[in-house]
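Below is one structure; the comments refer to it alone.
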Amino acid sequence: MTHGRSFWLFVGPFAIGLLVFVYVPIGWSLLLSFFDARNTVTPSEFVGLRNYADMLTDGPFLSSLVTFSVFAAFIVPLTFVLALALALLVNQITFMKAFFRSVFFLPTACSYVVASLVWKLSIFNGVRFGLANTVLGWFGAEPIAWTVSTSPPWYWLVLVTLRLWLQLGFHMILFIAGLQRIPRHLYEAASIDGASGGWQTLRYITMPQLRTTSVAVLLLLLIAAYQAFDEFYNVLGTDRGYPPFARPPLIYLYYTSLGSGGQDFGHGSAGAMILTLLIAGVALLQGRVITR
């Protein structure tokens, strides 16, 4: 009885918070997706699957899903490879390992909003005083309007480098934890059997032993890619609103649910459910591929 009370004493507050702030809003959003709920969170008129049909035929919403599917297909493997490479490098060094591990992990503690403003106002400022344009000026190149240029779309360079800087360290730590769990005798046995270092040990020992960690990292990266909001909104947003290009699904749903044209929680909730199903489907497919 004492153990049961101790368990609920520690777990109870977190369970209540999870129920109130996560599961209840998700359930209520699912309910709203089947109703015509405009300017109210109280369901009024039941419309069935009409909200889903409207969202699946909505050009801007579908365009945002396609855009961010391409973004996820690019940023997920790039971050995965770079984080794994950093983890292998940091795990191999014997001098100041804790220092390098901390240096690469520190950006994770930075706010996405603060980092977005630094990238937008200091590094990729669209005038001659930005760091990137200053470096280009050393080579005689003209300044580039990084965040508003669509041909070519230089804003992707700003967003991708920002996201890489913010999330590489966290996933590197996950890989380092996985690497430290690999028994050393596997590498010793491979060396005795004549396996050469580097690629062979990476392919036949390291990567199979990192399968569980790899699946977890890929799932986290995939979910984070589709849930991108802060850096896109703060880098590309202006006092005139958010531009239609590179609009993430969450920003589109934000404008649908809370935009100036009226609060439409029915269509916004339906779009959120579609996005959730898309992430779940891609995640399941990705897990099956990695497992095989």
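The values are calculated or read from the model by the stated rules, or taken from the named source; none is laboratory data. Predicted model only: the values in this text are computed from it and were never measured. Don't worry about glycine lacking a Cβ; one is built from the backbone with ideal geometry, like all the others, and counts go over all protein chains shown. In case anyone asks, the SASA skips ligands and DNA or RNA and just uses the protein heavy atoms, side chains included. Shrake-Rupley method; radii C 1.70, N 1.55, O 1.52, S 1.80 Å.
Take the stretch 35-81 and flag every residue that is without any contact (Cβ under 8 Å) to a residue 40 or more places away in the chain, assigned to a loop (DSSP other than H, G, I, E, B) and open to solvent by 60 Å² or more (accessible area, probe 1.4 Å).
Listed by number, the residues that qualify are 42, 44, 49, 57.
Test of understanding: among 166, 186, 159, 179, which residue is open to solvent by less than 30 Å² (accessible area, probe 1.4 Å) and over 30 Å from residue 67 (Cβ atoms)?
When all the criteria are applied, what remains is 179.
Are there any pairs with C-beta distances below 6 angstrom linking a residue in the stretch 136-156 that is of a type outside the set (S, T, N, Q) to a residue that is open to solvent by 50 Å² or more (accessible area, probe 1.4 Å) and modelled with pLDDT of 85 or more, with the two at least 6 apart or on different chains, and if so which?
Listed by first residue and then by second, the contacts come to 144/154; 146/154.
Please go through the stretch 236-256 and give me each residue that is open to solvent by 20 Å² or more (accessible area, probe 1.4 Å) and either in a helix (DSSP H, G or I) or of a type in the set (S, T, N, Q) (or both), ordered by number.
Within the stretch 236-256, 238, 250, 252, 254, 255, 256 qualify.
Check 106, 131, 88 and return the single one that is loosely packed, with under 15 Cβ neighbours inside 10 Å, aliphatic (A, V, I, L, M) and more than 26 Å from residue 238 (Cα to Cα).
Only one candidate qualifies: 106.
Residue by residue through the stretch 2-34, note down the ones that are among the small types (Gly, Ala, Ser) and touching a residue at least 24 places away in the same chain (Cβ under 8 Å).
29, 33
May I ask you to list pairs of residues, at least six apart or on different chains, whose Cβ atoms are under 9 Å apart, with the first in the stretch 216-233 being over 17 Å from residue 83 (Cα atoms) and in contact (Cβ under 8 Å) with a residue 60 or more places away in the chain and the second being in a helix (DSSP H, G or I) and of a type in the set (D, E, K, R)?
These pairs meet every condition: 228/163; 231/163.
Matching residues to (1) farther than 20 Å from residue 162 by Cα; (2) among the hydrophobic types (A, V, I, L, M, F, W, C); (3) touching a Phe, Trp or Tyr at 6+ places or on another chain (Cβ under 9 Å):
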{"site": "24", "(1), (2), (3)": "yes, yes, no"}
{"site": "40", "(1), (2), (3)": "yes, no, yes"}
{"site": "46", "(1), (2), (3)": "yes, yes, yes"}
{"site": "83", "(1), (2), (3)": "no, yes, yes"}
{"site": "102", "(1), (2), (3)": "no, no, no"}
{"site": "111", "(1), (2), (3)": "no, no, no"}
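Tally up the residues in the stretch 211-235 that are over 15 Å from the mean Cα position of the chain (by Cα), open to solvent by less than 10 Å² (accessible area, probe 1.4 Å) and within 16 Å of residue 158 (Cα to Cα), please.
1
Check off (1) exposed (fewer than 14 other Cβ atoms within 10 Å of the Cβ); (2) under 30 Å from residue 178 (Cβ atoms) for residue 276 and give me the number that stays unchecked.
(1)
In the stretch 138-156, which residue that is in a helix (DSSP H, G or I) and open to solvent by 40 Å² or more (accessible area, probe 1.4 Å) is farthest from residue 102 (Cα to Cα)?
Here the residue is 138.
Any idea which of (1) closer than 30 Å to residue 33 by Cα; (2) more than 21 Å from the chain's Cα centre (by Cα); (3) at pLDDT 85 or above is the one residue 89 doesn't satisfy?
Unmet for residue 89, out of (1) closer than 30 Å to residue 33 by Cα; (2) more than 21 Å from the chain's Cα centre (by Cα); (3) at pLDDT 85 or above: (1).
Filter the stretch 6-42 for residues that are aromatic (Phe, Trp, Tyr) and over 16 Å from residue 55 (Cβ atoms) and give the result.
If the condition is that a residue be aromatic (Phe, Trp, Tyr) and over 16 Å from residue 55 (Cβ atoms), then 7, 8, 10, 14, 21, 23, 28 are the ones that fit.
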